[in-house]
């Protein structure tokens, strides 16, 4: 069940730069410059979007659009329910990282691996969505 609290947490508690890294090859181009995380705006395709770390909101300084993690996932081609499900899994992964579990980046796929439990997200998504889910791992 999608609750108001879950949506708030996906927008505010999951850093957008973590979400972009998890998107793998679906992610917009991104880099750290001048101490700020910047990425290519999924709306106008200019590399003038940055994340405000205080509110975890992305803002494009070219087209003036604001976006959160859910908006970003929708712009990357995910359906709303698929995006929320995947973001919720990434939030758990991120929270595990903050609790002291080391997460390694996975250059061949969108989800990092926990050292204590190396499991691909693909089987989890296929179990949840069958053939209608995003094609991952």
How large is the Kirkwood hydrodynamic radius of segment 27-92, counting all unique pairs of alpha carbons, in Å? 12.3 Å
Tell me, 32, 76, 63 in order of fewest to most beta-carbon neighbours within 10 Å? 32, 63, 76
Order of 92, 59 under a 10 Å beta carbon neighbour criterion, fewest first: 92, 59
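Throughout, read-outs are computed from the coordinates displayed, never taken from laboratory work. All values reported here derive from a predicted model rather than from experimental measurement. Don't worry about glycine lacking a Cβ; one is built from the backbone with ideal geometry, like all the others, and counts go over all protein chains shown.
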